[in-house]
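Below is one structure, written out as structure tokens; the observations come after it.
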């Protein structure tokens, strides 16, 4: 049986609980595709899954889903991009050689050389053809940030000239949300820290607010829609003030307001936006697979710009599957 490298997590704890080992490569069933993973992403969800210090209200439901004392699937990672190297006899959407991007859902497993996935959407993942004009590392940002941004911005039914606020405008989903809201014709205010203002403005934000400065609260306006793109675990006086200001609480939406829908149709929409140059994914850093612990440490600090990717395999390397 073919072997592969994988980063495993056998207990909850700090980044150092991750360990790179050799495993048997997965064997695709009739309704599977086998993906050679070129890049994965280190998301805040990955940090929550691995960590032992997340807030109790998030820890209990997470442990029920993922595993009580340790992850049921010890190969973590929920975002990947790569190339299909084998297809089962029942596969119709994909072919050998197709370059794809997507999410692995509850099945995790992106931190490895290979991953088997279904071509149909489920809680165990969704995949689609990758945008042709970006790298595999950038594609992991587009997949995760794109799905989050589009799903929750769609709740706003944003119309041209409406005022939209994106809280966490410099993160993986926030950077795409700013660009997509501008594409819809909105007047966009991006909330971020001072050192990220230039980035957020470069993405099209009409105004920026620094959430660390108390005087930013006085600059809040009446918004038609606000998206909290960092989630409920992180708060600030400005976020609370914005929520209070919104006359219709249904117009203040967090990416934690419901599960992420794993949709290949929405991934296809993300691909169209990227290939048309309407949205560009932002990558802060790319770490080699061997430095996955460092990548987790970096993301855990909470100051990244856009996405943090891991190069699992170089594109020039030949598949051994």
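Going from the fewest other Cβ atoms within 10 Å to the most, the residues 117, 246, 4 appear in the order 246, 4, 117. Of all DSSP beta bridges located in the chain, what percent are antiparallel, nearest 5? Roughly 60 percent of the beta bridges in the chain run antiparallel, per DSSP. Beta-bridge orientation, the range 146-254: approximately 0 percent antiparallel, per DSSP, counting only bridges with both partners inside. Relative contact order for the range 48-207: what is it in percent, counting Cα pairs under 8 Å that are at least 6 residues apart? Averaging sequence separation for qualifying contacts and normalising by length gives 15 percent for the range 48-207. Among 175, 235, 189, the order by Cβ neighbours within 10 angstrom, fewest to most, reads 235, 189, 175. Compared with the dominant principal axis of the Cα atoms in the chain, helix 136-153 is inclined by about 50°. Against the main long axis of the alpha-carbon atoms of the chain, helix 56-66 sits at an angle near 30°. Extending 7 Å from Cα along the Cβ direction at residue 276 and again at residue 27 yields two label points whose distance is 4.5 nm.
Our estimate of slack between residue 92 and residue 70, defined as 0.36 nm per intervening residue step minus the Cα-Cα distance, is 4.3 nm. Kirkwood hydrodynamic radius for the chain: how many Å is it when counted over pairs of different Cα atoms? Evaluated over the chain, this radius sits at 19.9 Å. What fraction, in whole percent, of alpha-carbon pairs in the range 146-254 exceed 23 Å separation? So the portion of pairs separated by more than 23 Å is 13 percent.
Taking the longest Cα principal axis of the chain as reference, the axis of helix 172-183 is set at about 60 degrees. A crude spin-label estimate for the pair residue 244 and residue 201, with each label 7 Å from Cα along the Cβ direction, gives 2.9 nm. The fewest-to-most ranking of 180, 106 by surrounding Cβ atoms within 10 Å reads 106, 180. Over the chain, what is the relative contact order in percent, taking alpha-carbon pairs closer than 8 angstrom and at least six residues apart? Once normalised by length, the contact order is 20 percent. Using C-alpha pairs below 8 Å separated by at least 6 residues, the relative contact order for the range 146-254 is 28 percent. Its DSSP H runs of at least 4 residues, each contributing -39,500 (n - 2.57), put the calculated 222 nm mean residue ellipticity of the chain at -8000 deg cm²/dmol, to the nearest 500.
Each value in this text was obtained by applying a stated rule to the coordinates, not by laboratory testing. It should be emphasised that the depicted structure is a prediction, and the values quoted were computed from it without experimental measurement. So basically every Cβ, Gly included, is an ideal-geometry build from the backbone, and we count neighbours across all protein chains shown.
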